[in-house]
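Participant: I'd like to ask some things about the structure below.
Only the coordinates and a few stated rules stand behind these numbers; no lab work does. All values reported here derive from a predicted model rather than from experimental measurement. When we count neighbours, we look across all protein chains shown, and the Cβ atoms used for this are built from the backbone with ideal geometry, even at glycine.
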Amino acid sequence: MTAVAAAVAPPKSKGIKKRVWPSYVAMGLFAIFFLFPVAIMVIGSLKADEVVIRDQTSLAAFNPSPFEAGSNYASAADTGNYFTSLRVSMIVSTVIVIGGMFVNSLFGYALARLKFKGQRFLLGLVVALIIIPFEALAVPLLLMMSEIQWTDTLRAQFLPFIAQPLYIYLFYSFFKGLPKELEEAAMIDGAGPYRTFFSVVFPLARPAYASAAILTFLYSWGQFLWPVMVARSAEVRPLPLGLTFFRGVPPVQWADLMAFATMMVLPVVIVFILFQRHFIEGVAGSGLKG
Amino acid sequence: MTAPAATTGDLEPSSPEPQSRERESRFSAGIIFSLPAALLLTLFMVIPFGFALVLSFTNRKLLSPLATRWVGFDNYVDVLTDSGFWGAIKNNLVFSIVTVPVQSALALLLAILVNQKLRGSVFFRVVYFLPITFSLSAASIIWLVLLNPSGMVNTVLEVFTFGAFSPDWLNNPTYTMAAVILVSLWASVGFQMVILLAALQDVPRVLYEAASVDGASAWGQFRNVTLPGIRHQLFFVITITMILSFRLFDQVWILPPRPGGPVDATNTIMVELVDTGFGAGQVGKGSAIAVLFFLLVLFLTIFQRRFEPKDL
């Protein structure tokens, strides 16, 4: 076994003997850089408000004492309206992700495989629209939303983000790259375009869906600029906006803010750790078009 | 050439010829599959985009009893002669000029580190990517604590500089942009790292073996094997970082004592856009900023297409 592995392994006689500790030192230092803000957030959420800043000058920053987690999290939930914002963020992100998967992949499939009039024009339009950043549309969209009195609604927060030219194009190129034989076989067996799509193409396209879903989710969960403009009342504030409004309630209670931030990132971090491979592959997939 | 109907996106089949049932169902399916996304794109992208162009030539306000009228290029003249706007452009440029090379290089370094076949490299990969799952707003709030004059950042700096250097990062305009850059780096370098990591894994191992047989040094391997092997994704990372850096908003809205502050030190094009189009309710002028911003992104995209590395 070992002999075979050694024979198959690339000849890196130098590489194996090469000292690995410099790499570990570098990786360790970077790990500290990326983790210590996370630690400060979690530990800060557990201790008394007045010591969060004061303890920063020593290692006491990492000691959750005096322990006041209960009142911090209670304040984030009550004064900070955490659960209202969680509900808003979950509804908005879910609709954007699921709706987006649905309409973008169907459109991508139609552009890649089905024949209809105007197809080439629509493909060109999708490619052109990729360039337009949402920010360039925000002001006229705000006017449109306020004309039809949609500000302060949840639909104003999700409807503009469901159809995304970038993901339509991603699905289009994915479907273009699939071998046609399976679909043709399904068609010969009498399956119409709908059955073919949902029972043959859809299962094959899981990686494309995973990639698009993860990127869409991270984007919609973190949305800030649009909610700043369109969400006024507390009932429609997504988490990022809820957090900044909570900060604006004087006097600033740092521990309560850290509690809010912890509750805000925790659901995503848990999902990320469970599916880290998919997350990383999903994001890596976005670079393929480079 | 193609029939005119093909360029107008006409949805009705004009005078259906006798077709096989299959082609016909593929045709109608094509329209049904396209319709939801095409409709949403029209309502929420095409129309607002056209609207932005039109509004930018009017004096339209968000809430105003006065009638809207055409003002020609007044909004553009207003914006382009406003020192606040040029200050924002300058801030965006400073941010980009620092962030694009530093973040791309750091992402590459991290990707190379975690690409080694070392025990625990998956753990480090996860750690470096972790901040991507935080939204920028949460990251900014956490860093408010760390960047406090007596925060952790200054505690560490004081150890290394023997107390000589501990600025008030967020209230001293000289240092605020540096703080914004630091937070942005922390919050988003993992994204570029992952893209470059995937690229590194696609470089054929044989090339490295051949190089080491030829006695190439580690640096020689990096220059002659790694860099050419990942040039497409590296170029993608650099250009996407550049385009994203011009959208800088969340951090400069949250970190300073007031958005874009102190004294406009972190004012960006996006802050100008929101302040004008939403804060002041000047939809016309805000639309002009939006159009100028679009032209900037368009320029960067054309630049990207033009200089994209060609296959050898």
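Participant: Give me the extension gain from B:R69 to B:V206: residue separation times 0.36 nm, minus the current Cα-Cα distance, reported in nm with one decimal.
Facilitator: Stretched fully, the B:R69-B:V206 segment lengthens by 42.6 nm.
Participant: Around B:P256, what is the net charge, scoring Lys/Arg as +1 and Asp/Glu as -1 over all other residues with Cβ under 13 Å from its Cβ?
Facilitator: Within the 13 Å Cβ shell, the charges total -1.
Participant: Identify which of B:V102, B:V271, B:V252 has the largest mean-square fluctuation in a Gaussian network model of chain B, with springs joining Cα atoms closer than 10 Å.
Facilitator: Greatest mean-square fluctuation among the candidates belongs to B:V102.
Participant: I'd like the distance between the alpha-carbon centres of segment B:35-105 and segment A:162-210, rounded to an integer number of Å.
Facilitator: 37
Participant: Let me ask another. Using Cβ counts within 10 Å as a stand-in for footprinting exposure, how do B:D74, A:D55, A:D256 rank, fewest first?
Facilitator: B:D74, A:D55, A:D256
Participant: List the longest stretch of chain B that has no exposed loop site; here a site is one of the chymotrypsin sites (Phe, Trp or Tyr not before Pro) assigned by DSSP to anything other than H, G, I, E or B, with at most 14 other Cβ within 10 Å.
Facilitator: B:166-312
Participant: Considering all projection directions equally, how large on average is the shadow of the alpha-carbon convex hull of the protein assembly as shown, in square nanometres?
Facilitator: Reported value for the Cα convex hull: 33.8 nm².
Participant: Would you tally the net charge around A:M229, using a Cβ to Cβ cut-off of less than 12 Å, leaving A:M229 out, and scoring K and R as +1, D and E as -1? Don't skip to the end; give the middle numbers.
Facilitator: Numbers: positive: A:R232; negative: A:E135, A:D152, B:D275.
The answer is -2.
Participant: Separate question: Which of the aspartates and glutamates could a cross-linker bridge to B:K90, judged by Cα under 20 Å and excluding same-chain residues fewer than eight apart?
Facilitator: Those aspartates and glutamates meeting the cut-off are A:E135, B:D78, B:D82, B:D250, B:D264, B:E272, B:D275.
Participant: Which number gives the lysine pairs in chain A that have C-alpha atoms under 28 Å apart and are eight or more places apart or on different chains?
Facilitator: 8
Participant: Got the relative contact order for segment A:167-290 handy, in percent, Cα pairs under 8 Å and 6 or more residues apart? Mind showing how you got there, number by number?
Facilitator: Details: 49 pairs, mean separation 34.6, N = 124.
For segment A:167-290, the relative contact order is 28 percent.
Participant: Kyte-Doolittle cut-off -0.5, length cut-off 24 Å along the helix's own axis using Cα: show which whole DSSP H helices in chain B pass.
Facilitator: The qualifying helices are B:21-41, B:83-115, B:173-202, B:283-307.
Participant: With chain A treated as a Gaussian network of Cα nodes joined by springs under 10 Å, which of A:V230, A:V20, A:V139 yields the largest mean-square fluctuation?
Facilitator: Greatest mean-square fluctuation among the candidates belongs to A:V20.
Participant: With the contact rule set at Cα under 8 Å and sequence spacing of 6 or more, what percent relative contact order holds for chain B?
Facilitator: 27
Participant: What is the sum of charges, Lys and Arg at +1 and Asp and Glu at -1, for the other residues whose Cβ falls under 15 Å from the Cβ of B:V122?
Facilitator: +3
Participant: How large is the Kirkwood hydrodynamic radius of segment A:237-290, in angstrom, based on all distinct alpha carbon pairs?
Facilitator: 13.3
Participant: Roughly how large, in nm² to one decimal, is the mean projection of the convex hull of the alpha-carbon atoms in segment B:172-312? Each step should come with its number before you reach the end.
Facilitator: On the way: hull surface 44.1 nm².
Spelled out: convex hull of the Cα atoms, projected over all directions, averaged, 11.0 nm².
Participant: OK, next. Dividing the Cα radius of gyration by the Kirkwood radius, what Rg/Rh value follows for segment B:75-307?
Facilitator: Radius of gyration over Kirkwood radius for segment B:75-307 works out to 1.04.
Participant: If I take every Cα pair under 8 Å that is 6 or more residues apart in segment A:142-237, average their sequence separation and divide by the length, what percent do I get for the relative contact order? Each step should come with its number before you reach the end.
Facilitator: On the way: 37 pairs, mean separation 46.3, N = 96.
Contact order relative to length: 48 percent.
Participant: For each of A:I98, B:I142, count neighbouring Cβ atoms within 10 Å of the residue's Cβ, then give the residues from fewest to most.
Facilitator: Sorted ascending by nearby Cβ count, the order is A:I98, B:I142.
Participant: Next up: What residue among A:Y167, A:Y82, A:Y109 has the largest mean-square fluctuation in a Gaussian network model of chain A, using Cα springs under 10 Å?
Facilitator: Evaluated over chain A, the most mobile residue of the options is A:Y109.
Participant: A further question follows. Taking N as the number of residues in chain A, what is its Cα Rg relative to 2.2 N^0.38 Å?
Facilitator: Normalised Rg, Cα atoms only: 1.30.
Participant: Are there any helices in chain A, counted as whole DSSP H runs, that stretch 27 Å or more along their axis by Cα and score at least 0.0 on average by Kyte-Doolittle, and if so which?
Facilitator: Correct list, ordered by number: A:21-44, A:82-113, A:254-274.
Participant: Can I ask one more? Computed over the Cα atoms, what is the radius of gyration of segment A:18-67 divided by 2.2 N^0.38 Å, N being its residue count?
Facilitator: Normalised Cα radius of gyration, segment A:18-67: 1.49.
Participant: Also: Show that you can apply the helix-only estimate: for chain B, add -39,500 (n - 2.57) for every DSSP H stretch of four or more residues, divide by all residues, and state [θ] at 222 nm to the nearest 500. Can you show the working numbers first?
Facilitator: Numbers: 15 runs with 199 residues, N = 312.
Calculated from helices alone, the mean residue ellipticity at 222 nm is -20500 deg cm²/dmol.
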